Amino acid sequence: MEKKNFLFGAALALGLLSGLTSCSNNDDSIDNPGDGGKQIDEKNVVKDDGTALALVNGVYSHWQPLSSSFSFIIELNSNKLISFEGEEGEAGPVNSRFEQVPDTWYQVKIFNHLLLGVAEDNEAIAAVAKAQAEGKVTQAGYNAAVGKAKFLRALAYLKLAQLWGEVPVFTEAGGSTTERKDLNTVFNQIVSDLTDAETLLLDYSGDPRVPSKQAAQALLARTYLVWGDNPLSAAEVQAIAESQNDPAFTTTEDRLEKAVEYANKVIGSGKLKLATDFSKLFGRDYESNKRGDNEHLFTIAHDGDSKDAQGNHQTHCSWTFPFQNGENGKGYSQNHTEVADDNLYDDWKAEQPNDKRLLKTYFTELKNPEDSKIYKYYSPVYTPINGKGVDQSYDNAENLEITQNSVDRIEIRYAEVLLIKAEALVQLGRNSEAAEPFNQLRRRAGIEEVAAPTFDQIKREWDYEFTYEQFSLYNSLRWKDLIASVQKVQNYKHYADDWETLADYTSDQKAFFQKVHNHLVAKYNNVRGKHYRQPIPTGLQGENLNITPQNPGY
């Protein structure tokens, strides 16, 4: 499980959301040990274009620890994933069962690091602007640094708004770090930052680790789709907080039109394209566009635990012990996260047996390159393995990535832009226009194309294309079907009380599948309207952040 004490020094040095509204006005040096060595001072930090960009790059120290952690909220708060991360009271299982509270670690970690990143973005923007005014930074240097800072700030605010709703909005110009703003204010800030980034940043160069004009446009398309699906206000969540009925789905058409507009900008640039082979999008040697396919639009770089803030393997730990499943004389180990049940594989196979994406997304057997033996992942042995998390970049050689963490996290890829455009068009009632971008994905997957996709087909295509890529909860929040989608687990194999009678189980297998059963039942029973929001958490050390009011139901 994850260590909970890294970067506390940085958090304390920044003051953790108390007064972080603009650049420091004191005379302390960045090397002053009295403030932990982290205080930014615009007088001596930004000396030229290189130091301007380096200052902004420091913000990544708050993004890197979150790469796999997002899955512990976004995928566990869905019907697709469960967690056996240590004891049942650990943060993974708590999220898996919809029992999160303000001090649940992943909520604490993600919320705080996103806002700490915003604070550092603010400091950097002010420092770079001052240095440019003093003639230390060129226009090109300003554009690169401030464009990147605004891009990262917008991305942070978008994730905060999707998961927590109304949040404080503070920039280099000021603002409160404790006063929550209405959603329109938050989204207007996101749009403002991204339109600035679109102007300031250069065209996509083939390196998705560098934010680009097209990456900003893709995020604008995503933002307008989220905003166009009318995210619930705090009052609307309060009205359904203890209910197990989803609210009505509504849209705002002019925002959906903007989603189409910005998706078209990315598409029309000619800079991006779908990779020919879906299976080559993931893994250490395939991510960050190392193959030159130009599908990855923006990624978070990772070099492994020992080099960056924290390593990544996209959906954390579902393959940490892939060959400790009780077969071939190996021990039986329960992973941090597990595919929720066999049905996720079975249902997809029944619907689209020829979908090339299925065999990459779910593994039911896997050859261990260390002993050349085949291991099965299907009850009563195990649940399927998340295939996108198993690095297949080493053909016929030792798979060193089984336990290492040097896989870059994909935040945006071109396939999302196509599906955003298709979905926005369908929501606007222009289904036949949606066929062209929609069918590009289906054509690559090798499944039937359609003349006019329906909304239900659009929703299912998100599952086919992006399963375990940290979209599940976000989509359920947009579509206002969170409760209904989670309660699909009642149809899963091991949800039934008589699951033990379906096959012969060893004692280890029985213990494993009893946990599967318990988590599925807990999901069904516990999900409520309040889960359209995450709880406003404590600080990284358990302190009160004074952000009020708390979200409904917590």
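A few comments on the model shown:
- Counting only lysines at least 8 places from K258 when in the same chain, those with an alpha carbon closer than 26 Å to its own are K148, K150, K159, K181, K213, K271, K273, K421, K459, K480.
- In terms of accessible area, using a 1.4 Å probe and ignoring ligands and nucleic acids, R443, R460 rank largest first as R443, R460.
- Carbon and sulfur %, accessible surface of the chain computed with the full protein complex present, 1.4 Å: 47 percent
- With an a/c value of 1.5 or above and a/b larger than b/c for the gyration tensor axes a ≥ b ≥ c computed over the alpha-carbon atoms, region 461-554 is described as prolate.
- Listed peptides 424-430, 340-346, 134-140 appear in the order 340-346, 424-430, 134-140 once ranked by packing, highest mean of other Cβ atoms within 10 Å at the front.
- 5 Å binning of all Cα-Cα separations within region 125-225, expressed as whole percents from 0 upward: 2, 14, 22, 22, 17, 14, 7, 2, 0
- Close amide H partners of S406, meaning residues 5 or more places away or on another chain with modelled amide H under 5 Å apart, are N312.
- Tail beyond 17 Å, pair distance distribution of region 202-272 (Cα, percent): 55 percent
- Per-residue [θ]222 nm for the chain (sum of -39500 (n - 2.57) over DSSP H runs n ≥ 4, rounded to 500): -13000 deg cm²/dmol
- Partner lysines whose Cα lies under 17 Å from the Cα of K356, excluding those fewer than 8 positions away in the same chain, are identified as K280, K388.
- A 1.4 Å probe run over the protein chains yields, for the chain, 36 Å² of accessible area per residue, whole-number rounding.
- For region 230-245, 3J(HN,Hα) per residue [Karplus equation, 6.51 cos²θ - 1.76 cosθ + 1.60, θ = phi - 60°, Hz, x = Gly/Pro]: 6, x, 5, 7, 4, 5, 5, 5, 4, 5, 10, 3, 9, 8, 10, 10
- Listed by chain and number, the lysines placed with their C-alpha closer than 16 angstrom to that of K493 are K80, K349, K510, K515, K523; residues fewer than eight positions away on the same chain are left out.
- Scanning residues 5 or more positions from K373 or on other chains, those with amide H under 5 Å from its amide H are N368, with H placed 1.01 Å from N in the peptide plane.
The values are calculated or read from the model by the stated rules, or taken from the named source; none is laboratory data. Source: prediction; values computed, not measured. Note that each Cβ is placed from the backbone with ideal geometry, even for glycine, and that neighbours are counted across all protein chains shown. The area values use the complete protein model at the heavy-atom level, side chains included, leaving out ligands, DNA and RNA. Shrake-Rupley method; radii C 1.70, N 1.55, O 1.52, S 1.80 Å.
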